[in-house]
Amino acid sequence: MAFYIVQHGQSLTKDLDPEKGLSPSGFETVEKIARVALHYGVTVARIQHSGKKRARQTAELLDEILKPAHGFQEVTGIKPLDDVAAFASQVDYSANTMVVGHLPFLERLTSFLITGQQSPIVFKLQNGGILCLDQIENSDAPTIKWALMPLVN
């Protein structure tokens, strides 16, 4: 069982899309990462997203490929500047939930879950990458179990 953290795929600039939906490269990267995750047998029960266009589009692609039993849905409390501690109190590592959102929230959430502090950042996310956290036996803190990050130049 695990908790998956995904930064949305690369987005278009505001001048090309005021809502900053995914760029063609963003779609391609998310699809590739999702197919690698599927190939490795990653099982996701549900996907949650922030509701912003780029996060929703990322969640839709992940849903299409990973086929979580409970689909995907918008949730509150995971926008870029939302309260990390409030969301962290709801994390259930046994639920196989994937959360698709934004920086700085996701990196602060990762740090908070692992160390109890929002900084320093303990893992640098990349657009379209998946970070897997899992609960350590006999510990209150999770650990980074694995990560699938896109190739970057």
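Among the residues of region 50-63 satisfying the criterion of being within 25 Å of Val84 (Cα to Cα) and touching a Leu at 6+ places or on another chain (Cβ under 9 Å), which is surrounded by the fewest Cβ atoms within 10 Å (Cβ to Cβ)?
The extreme case among them is Lys53.
Yes or no: Phe87 assigned to a helix (DSSP H, G or I) and closer than 18 Å to Ile47 by Cα?
yes
Among the residues in region 92-102, are any of a type in the set (Phe, Trp, Tyr) and out of contact with any Phe, Trp or Tyr (no Cβ under 6 Å at 6 or more places or on another chain)?
no
Examine region 111-126 for a residue that is hydroxyl-bearing (Ser, Thr, Tyr), out of contact with any strand residue (DSSP E or B) (no Cβ under 6 Å at 6 or more places or on another chain), surrounded by 14 or more Cβ atoms within 10 Å (Cβ to Cβ) and under 28 Å from Leu22 (Cα atoms), and state whether such a residue exists.
Checked against the condition, which is being hydroxyl-bearing (Ser, Thr, Tyr), out of contact with any strand residue (DSSP E or B) (no Cβ under 6 Å at 6 or more places or on another chain), surrounded by 14 or more Cβ atoms within 10 Å (Cβ to Cβ) and under 28 Å from Leu22 (Cα atoms), region 111-126 yields at least one hit.
Kindly evaluate Lys32 against the criterion of being crowded, with 16+ Cβ neighbours inside 10 Å, out of contact with any Lys or Arg (no Cβ under 7 Å at 6 or more places or on another chain) and at pLDDT 95 or above.
Considered against the rule, which asks whether it is crowded, with 16+ Cβ neighbours inside 10 Å, out of contact with any Lys or Arg (no Cβ under 7 Å at 6 or more places or on another chain) and at pLDDT 95 or above, Lys32 comes out as no.
Scan (1) closer than 29 Å to Asp140 by Cα; (2) surrounded by 23 or more Cβ atoms within 10 Å (Cβ to Cβ) for the single condition Gly9 breaks and write down its number.
Here Gly9 clears every test but (1).
Can you tell me which residue within region 1-49, out of those that are touching a His at 6+ places or on another chain (Cβ under 9 Å) and part of a helix (DSSP H, G or I), is farthest from Met149 (Cα to Cα)?
Here the residue is Gly26.
The values are calculated or read from the model by the stated rules, or taken from the named source; none is laboratory data. Everything quoted here is computed from the prediction, not taken from an experiment. Note that each Cβ is placed from the backbone with ideal geometry, even for glycine, and that neighbours are counted across all protein chains shown.
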